[in-house]
Amino acid sequence: MPARPTWRGHIKLALVSIPVEIFPATKAGKSIAFHQVHEPSGQRVRYEKVVPGIGPVDRDEILKGYEVEKGEYVLLDPEEIEKVKLESRKTLELTQFVDIGDIDPIYFDKPYYVVPADDLAEEAFVVVREALRRTKKVGVGQLAMRGQEYVVSLKPCGRGMVLETLRYADEVHRASSYFREIGDTKPDEDLLDMAETLISKKTGEFDASEFENRYIEALQDLIKEKIKKKGKRVIQDRSSDEPAKGSNVIDLMAALKKSLDSGDRGAGAKKSAAKKPAAKKTAPKKATPARKRA
């Protein structure tokens, strides 16, 4: 477990107060760091904090300022901002409980692991965890950390719990403004049956370890090729960046049939057999034996 928690405080449920600590549940994945370089000289571009008429200044001389009038600022030091009076800075009060599927995934932002702060807190922690698990509910409240107050959800996760920060309503674009041009046309039933069968064929248990960051690998290959060619320009993909235009129904039917005939079941699909029957049947047939797990 990491030495320093992201947040220490209490989960409050009515009169029950449980001391907890939360830790980031995710970490930075593979990445390649690029610097900005001045091409003519080959030197790295660096940035300095400067004040007009004064020049470069030290970082410890810089404060946050809120502009109240043009050129006039109210200055705030880090401690003043950190100590803003908010109850949620030290207490996460669960003010609402909702069904697990009630929160649209688009609102979820970042997950954190939640653990009891000490042995004395464990009993109450386990009671709340199991109550959420049995009722299939998610606790919702607000919590302040890192200079921001977040809406958060709390749900069971193994022996502990997971807290996820949520986006506020004004941070999410309305879907209707993007989807309004999509018509109300009903899909062709034959095409729909084939698409459902294709989904069943590729259905399996999700395993995140089966997916690699291929973009990072491709960038590494590009860098190796650039080194080999002594910096000469290398364009690996000569295809157009223009998206393909939508195909007609005949093309879609052919593409679906070809997909069903292929042996590819997709990443993760090999872990469990397809549970959905094949295409819609027009006459009774003998039952097909269930597939064995791979």
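The values are calculated or read from the model by the stated rules, or taken from the named source; none is laboratory data. Remember, predicted model here, so these are calculated numbers, not experimental data. Virtual Cβ from ideal backbone geometry, glycine too; neighbours counted across all protein chains shown.
For this structure, a couple of remarks:
Results for (1) in contact with a Pro (Cβ under 6 Å, 6 or more places away or on another chain); (2) outside any loop (DSSP other than H, G, I, E, B); (3) surrounded by 11 or more Cβ atoms within 10 Å (Cβ to Cβ), shown as yes or no for each residue.
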| residue | (1), (2), (3) |
| --- | --- |
| Glu21 | yes, yes, yes |
| Ala33 | no, no, no |
| Pro40 | no, no, no |
| Tyr66 | no, yes, no |
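- If the condition is being in a loop (DSSP other than H, G, I, E, B) and not hydroxyl-bearing (Ser, Thr, Tyr), then the range 1-19 contributes Met1, Pro2, Ala3, Arg4, Pro5, Ala14, Leu15.
- When Leu75 is tested against (1) closer than 22 Å to Pro5 by Cβ; (2) in a strand (DSSP E or B), only condition (1) is not met.
- Scanning the range 152-174 for residues that are hydrophobic (A, V, I, L, M, F, W, C), surrounded by fewer than 18 Cβ atoms within 10 Å (Cβ to Cβ) and touching a residue at least 12 places away in the same chain (Cβ under 8 Å) yields Cys157, Val162, Val172.
- Conditions (1) under 30 Å from Glu212 (Cβ atoms); (2) in contact (Cβ under 8 Å) with a residue 60 or more places away in the chain: number failed by Lys12: (1)
- Applying the criterion of being within 30 Å of Phe125 (Cβ to Cβ) and more than 25 Å from the chain's Cα centre (by Cα) to the residues of the range 59-90, the residue that is modelled with the highest pLDDT is Lys90.
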